[in-house]
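Okay, here's the structure, questions in a sec.
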Amino acid sequence: MHKKTLLLLLAILLVAAAAAALIVRNQFYGSAVGQESDLYVSSRADYAGLRDSLARHIRHRWAFDRYAAHLELERSFKPGRYVLRPGMSVIEVFRMLKLGEQTPVRVTFNNVRTPAQLAGKLGRQFDADSVDFIRTFTSDSLARTLGFDSVTLFSMFIPNTYEFYWTTSPREFVARMKREYDRFWSAGRDEKRDRSGLSRLEVMTLASIVYEETRKVDEMPRIAGVYINRLRRGIPLQADPTVKYAMQDFGLRRILYRHLKYPSPYNTYINKGLPPSPICMPSIDAIDAVLGFERHDYIFFCARPTFDGYHNFARTLREHNANARAYSAELNRRKIK
């Protein structure tokens with residue numbers, strides 16, 4: 001009887017041990033992630049911060065802590081943006097953090113007027129903050145290694161959607177943008193640019209003015225043609241968006257005579273030729289519109305009084321003045337000052 005009891009107890013212990021081993025194994029190898037989520041680990045985070053962030057995303061914390069301590073994750077985890085997918089085990093999550101197996105982020109930038117605005121946008125999409133980005137964008141030494149200066153470096157950024165690692169540094173970002181810039185300027189685009197007589201910087205600068213004048217893609221080549229005509233004839237561009245940029249007043253709805261005298265190298269009412277650098281980040285459509293500018297003999301244009309986003313074009317000052325009066329009258333009627 002005593003022997004049977006011992007055997008029964010032994011059997012129970014074996015079953016319990018097997019069950020415990022199964023539970024432990026399940027904690028290490030079973031599903032620790034219930035739903036997909038993003039885990040951001042900053043380069044400034046310590047291990048305690050990592051554990052706190054991870055606690056909101058995974059089960060089996062005991063198993064993770066044991067495994068991480070055994071393999072010294074505290075001294076070797078990699079910062080980054082990680083996607084935790086349903087069904088991932090503790091060991092898979094550990095391995096991802098140990099090896100730095102990041103998931104890229106999609107970064108989009110457009111409709112940017114200044115390097116500071118771009119830095120602000122990027123600071124919300126990367127681990128680095130906006131101060132780091134603007135410091136990099138205004139580094140003359142870095143710009144010169146790329147064939148620019150701190151003023152013209154902004155012309156190198158082509159607006160689009162790109163994939164980056166979240167931990168990409170500002171300098172790495174700029175280096176990537178240089179590669180994209182070189183890729184953008186294909187042989188075909190450079191051939192068109194040669195025919196226009198403009199440098200790459202001049203194309204980007206003129207495209208920025210065209211982009212600020214209109215968002216109507218079908219009208220961009222015609223507006224570009226007007227400015228090309230004025231450049232070739234030595235006529236000041238007299239582009240209203242350059243006045244807004246000079247004054248850094250982008251909400252200005254009506255350009256008045258007093259604004260035209262604002263002293264700045266960007267004010268094309270008092271300076272002939274193009275401004276020193278782009279007044280915004282032009283769209284690819286605007287850049288291609290300058291490269292494929294429409295050939296005509298217009299030298300003036302004015303917004304239509306219908307406020308449909310399009311413009312009336314003129315060959316003579318008399319025609320232009322008539323168009324301008326009609327537009328001004330509509331501004332007055334709408335009480336736009």
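The values are calculated or read from the model by the stated rules, or taken from the named source; none is laboratory data. What you see is a predicted model; the values in this text were computed from it and never measured. Neighbour counts run over all protein chains shown; Cβ positions are idealised from the backbone, glycine included.
Select from region 280-337 the residues that are within 34 Å of the chain's Cα centre (by Cα) and among the hydroxyl-bearing types (Ser, Thr, Tyr) and write down the one among them that is surrounded by the most Cβ atoms within 10 Å (Cβ to Cβ).
Across region 280-337, the extreme among qualifying residues is Ser283.
From the list Phe173, Phe157, exactly one residue is farther than 21 Å from Met220 by Cα and either at pLDDT below 95 or not assigned by TED's automatic domain parsing to the domain that holds Ser283 (or both). Which is it?
Phe173
Mind counting the residues in region 149-176 that are surrounded by 20 or more Cβ atoms within 10 Å (Cβ to Cβ) and under 17 Å from Ala207 (Cβ atoms)?
Result for region 149-176: 6.
Is it fair to say Gly292 is in contact (Cβ under 8 Å) with a residue 24 or more places away in the chain and at positive phi?
Numbers: in contact (Cβ under 8 Å) with a residue 24 or more places away in the chain: yes; at positive phi: no.
So Gly292 does not fit the description; no.
Then there's this: Taking region 229-246 as the search range and keeping residues that are surrounded by fewer than 20 Cβ atoms within 10 Å (Cβ to Cβ) and touching a residue at least 40 places away in the same chain (Cβ under 8 Å), which one is farthest from the chain's Cα centre (by Cα)?
Going through the qualifying residues, I end up with Arg233.
Let me ask something additional. Of the conditions (1) of a type in the set (D, E, K, R); (2) exposed (fewer than 13 other Cβ atoms within 10 Å of the Cβ); (3) within 23 Å of the chain's Cα centre (by Cα), Glu191 clears all except one; give me its number.
Going through (1) of a type in the set (D, E, K, R); (2) exposed (fewer than 13 other Cβ atoms within 10 Å of the Cβ); (3) within 23 Å of the chain's Cα centre (by Cα) one by one, Glu191 breaks only (3).
Output the residues belonging to region 62-80 that are in contact with a Lys or Arg (Cβ under 9 Å, 6 or more places away or on another chain), outside any loop (DSSP other than H, G, I, E, B) and surrounded by 15 or more Cβ atoms within 10 Å (Cβ to Cβ).
If the condition is that a residue be in contact with a Lys or Arg (Cβ under 9 Å, 6 or more places away or on another chain), outside any loop (DSSP other than H, G, I, E, B) and surrounded by 15 or more Cβ atoms within 10 Å (Cβ to Cβ), then Phe64, Ala68, Leu73 are the ones that fit.
Let me ask something else about it. Give the number of residues within region 50-77 that are under 35 Å from the mean Cα position of the chain (by Cα), more than 20 Å from Gln35 (Cβ to Cβ) and among the hydrophobic types (A, V, I, L, M, F, W, C).
2
Test of understanding: among Asp52, Asp46, which residue is charged (D, E, K, R), free of Cβ contacts under 8 Å to residues at least 60 places away in the same chain, surrounded by fewer than 20 Cβ atoms within 10 Å (Cβ to Cβ) and more than 21 Å from Ala128 (Cβ to Cβ)?
It is Asp52.
Using the structure shown, decide if Ile336 is modelled with pLDDT under 90 and of a type in the set (A, V, I, L, M, F, W, C).
yes
Right, Ser150: assigned to a loop (DSSP other than H, G, I, E, B), touching a helix residue (DSSP H, G or I) at 6+ places or on another chain (Cβ under 8 Å) and of a type in the set (Gly, Ala, Ser) or not?
Yes, satisfied.
One residue is enough: does region 29-38 have a residue meeting the conditions surrounded by 14 or more Cβ atoms within 10 Å (Cβ to Cβ), within 30 Å of Glu180 (Cα to Cα) and at pLDDT 90 or above? Lay out the reasoning, then the answer.
Our first condition is that a residue be surrounded by 14 or more Cβ atoms within 10 Å (Cβ to Cβ); within region 29-38, this holds for 29-33, 37.
Those still in the list that are within 30 Å of Glu180 (Cα to Cα) too: none.
The answer is no, given that none of the residues of region 29-38 is surrounded by 14 or more Cβ atoms within 10 Å (Cβ to Cβ), within 30 Å of Glu180 (Cα to Cα) and at pLDDT 90 or above.
So which pairs qualify, if the first residue must be in region 94-117 and within 14 Å of Val41 (Cα to Cα) and in the same structural domain as Asp46 (by TED's automatic domain parsing), the second must be part of a helix (DSSP H, G or I) and aromatic (Phe, Trp, Tyr), the Cβ gap must be under 9 Å, and the two must be at least 6 apart or on different chains?
Partner pairs satisfying both residue conditions: Phe94/Phe64; Phe94/Tyr67.
For residues in region 247-279 being under 26 Å from the mean Cα position of the chain (by Cα) and at pLDDT 95 or above, which is surrounded by the most Cβ atoms within 10 Å (Cβ to Cβ)?
Looking at the filtered set, the residue picked out is Pro278.
For region 81-96, state whether one or more residues are modelled with pLDDT under 95, of a type in the set (Asp, Glu) and surrounded by fewer than 19 Cβ atoms within 10 Å (Cβ to Cβ).
yes
Restricting to region 190-210, name every residue that is free of Cβ contacts under 8 Å to residues at least 40 places away in the same chain, within 15 Å of Leu231 (Cα to Cα) and assigned to a helix (DSSP H, G or I).
Arg195
Right, something else. Can you tell me which of Gly123, Gly80, Gly100 is among the small types (Gly, Ala, Ser) and over 25 Å from Gln35 (Cβ atoms)?
Values: Gly80 fails: over 25 Å from Gln35 (Cβ atoms); Gly100 fails: over 25 Å from Gln35 (Cβ atoms).
Of the residues listed, the single one that is among the small types (Gly, Ala, Ser) and over 25 Å from Gln35 (Cβ atoms) is Gly123.
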